[in-house]
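Please read the structure below before turning to the comments.
Just so you know, all these numbers are worked out from the coordinates, no wet-lab data involved. Everything quoted here is computed from the prediction, not taken from an experiment. Cβ sites come from the backbone with ideal geometry, for glycine too, and all protein chains shown count toward neighbours.
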Amino acid sequence: MRIRLSVMKLTVVFSLVLPVAACQIGETKTARDWFDLTYAGLAGHEQLTFQGNAVLARGKQEKIEDSFAYVGELNDHHELNMRTVLPSGQGQKLQTAEFQTGQGLEAKLRWQGGAWMIASSNANAFTRGIARLNPLDQLEDIRRASKKNLSLEKGAARGTEVLRIELDPQEAKQQLKSKLDGEMEGIRTDWSSKLKQVSSKYSSEVETEMNNLWVNGNKQLEQMMEQADAKVVYYLTVNRKTGLPARLVSETRLSYPNPLGITEHEVLYTDNQFSKIR
């Protein structure tokens, strides 16, 4: 529990001056132009892969609590498979799992109804957590955000542009709350499914206990998020030649009061590198 257009304007000019004009247009693109170009470019490709790392840190000193690696593979526009390997111990960094190994935690996602949805019928809290790291979903979050600041970073590597994108704090908080609410509903669905396996003799008692746990947990989450402060910043590296994304880094900071009234601090870093975009 702690724990994806604008239309490019084209001006018809004489063929002799077109190369010069194109160069000038490329040099004057704003950060928003580059993001729109990148997002539109991805829509024209059916396949891609990405390799990512996630780090969860807590406290003002940002002590690392968990870190792991994962991979993702998109096929046919709307089928996404993400996988990581099981941790051998809390806080230990994991090695990237290859798809053919058949090991580790896996989340199968499908683009449906304008959002990435878990396609597997046996989803659990772990697979839902992995799904939240989906960089394609992060690009959707950026696109959907009505309030955000975009700027071009200086010192980008040759042939690239680096965009800094910071969401409005309230919008960032609402997006995060929406995702956590969805995960809580998923947990309740998981419990309801598992309840069918309980002997009828104890099902009523178990159902009552589970419902109480869920209601209390959900109430606590609502209270924490109501008083929480969120800050989400993305760094998107774009290939200037193709207009496609090369890397997406995110930093999500969250401060909230725990049940004892003590302010907790969490930060989630993700770093995704894209490849094999076809």
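Couple of notes before you dig in:
- Reachable lysines, given that their alpha-carbon falls under 24 Å from the alpha-carbon of K179 and they are not under 8 places away in the same chain: K108, K147, K148, K194, K219, K231
- Look at where the Cα atoms of the range 112-169 and of the range 23-72 average out, and the two centres are 7 Å apart.
- Spread of Cα-to-Cα distances over 5 Å intervals beginning at zero, given as percent, for the range 104-163: 4, 14, 19, 17, 13, 12, 11, 7, 2, 0
- Furthest towards positive pole of dipole, W191, Y256, Q273, structure part the range 158-278, Cβ charges: Q273
- For the range 178-241, trypsin sites (Lys or Arg not before Pro) meeting the loop criterion (DSSP other than H, G, I, E, B) and having at most 11 other Cβ atoms within 10 Å: K196, K241.
- From the largest down, the range 202-278 spans 61, 34, 14 angstrom on the principal axes of its Cα atoms.
- By the compact-protein rule of thumb, 2.2 N^0.38 Å, the alpha-carbon radius of gyration of the range 138-184 corresponds to a ratio of 1.44.
- Both the radius of gyration and Dmax for the range 130-278 are 20.0, 68 Å, in that order, over alpha-carbon atoms.
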